[in-house]
Amino acid sequence: MSKKPTREEAFELLKKYNKNESLIRHALTVEGVMKHFAELFDEPDVEKWTVIGLTHDLDYELYPEQHCIKVRELLEEEGWPEDYIRAIQSHGWGLCCDIEPVEKMEKVLFAIDELTGLITAAALMRPSKSVLDLEVKSVKKKWKDKRFAAGVDREVIQKGVKLLDMDLNFIIDETIKGMRKVAEEIELKGNL
């Protein structure tokens with residue numbers, strides 16, 4: 001019998017499997033953006049979106065070679081619902097698993113996971129070191145420079161945006177807005 005995990009339970013689980021500060025910061029970033037999109041789309045269960053965002057890389061630090069696969073076992077042990085597990089696994093579609101994002105929440109996670117990395121890098125390059133004064137055009141400029149944040153897979157972002165059938169500029173803008181709401185927690189408030 002599975003029950004819906006709370007945000008507190010999800011955060012404890014995240015800390016159980018992740019000690020790396022930058023991975024925890026990334027989890028908090030994705031959580032903030034997922035919450036923003038859930039509110040933007042008037043989703044009835046905002047906490048579900050935040051919990052999935054927070055734990056999407058649960059297995060990454062300890063099991064990088066089994067990323068998006070091992071997470072099923074970890075979450076089944078915790079009694080998590082199948083739809084949560086599936087959503088988390090689907091963000092690795094075409095990269096480390098074959099579970100395609102089909103629900104809106106899954107598609108958002110797939111699109112914004114890599115994008116938050118690009119936005120973080122772009123914000124840190126600014127004199128302010130802040131996401132609060134970052135604009136879409138600055139991110140788009142950095143997007144074109146393939147050497148900038150070279151680890152960010154732009155094709156994955158584009159694939160996610162296509163799955164959502166939305167405009168890339170809109171997704172970048174809303175992702176920035178989501179990150180601004182948690183700027184302090186993710187250390188991107190900078191010196192503004």
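Can you go through I186, I172, I176, I157 and tell me which one is farther than 14 Å from F37 by Cβ, part of a helix (DSSP H, G or I) and aliphatic (A, V, I, L, M)? Can you show your working first?
Working: I186 fails: part of a helix (DSSP H, G or I); I172 fails: farther than 14 Å from F37 by Cβ; I176 fails: farther than 14 Å from F37 by Cβ.
Testing whether each residue is farther than 14 Å from F37 by Cβ, part of a helix (DSSP H, G or I) and aliphatic (A, V, I, L, M) leaves just I157.
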Worksheet item: So which residues in region 17-49 are touching a residue at least 40 places away in the same chain (Cβ under 8 Å) and crowded, with 22+ Cβ neighbours inside 10 Å?
Response: T29, V30, E31, G32, V33, M34, K35, H36, F37, A38, W49
Discussion item. Any residue in region 101-119 that is closer than 13 Å to Q89 by Cβ sitting within a Cβ distance under 8 Å of a residue that is assigned to a helix (DSSP H, G or I) and of a type in the set (S, T, Y)? List the pairs, counting only those 6 or more apart or interchain.
Written reply: P101/S90; V102/S90; E106/S90; L109/S90; F110/S90
Discussion item. Just to check your reading of the model, which residue among F110, F148 is crowded, with 16+ Cβ neighbours inside 10 Å and aromatic (F, W, Y)?
Written reply: F110
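Read-outs: derived from the displayed coordinates by stated rules, not from any lab. Predicted model, so just to flag it, every value in this text is computed and none were measured. Note that each Cβ is placed from the backbone with ideal geometry, even for glycine, and that neighbours are counted across all protein chains shown.
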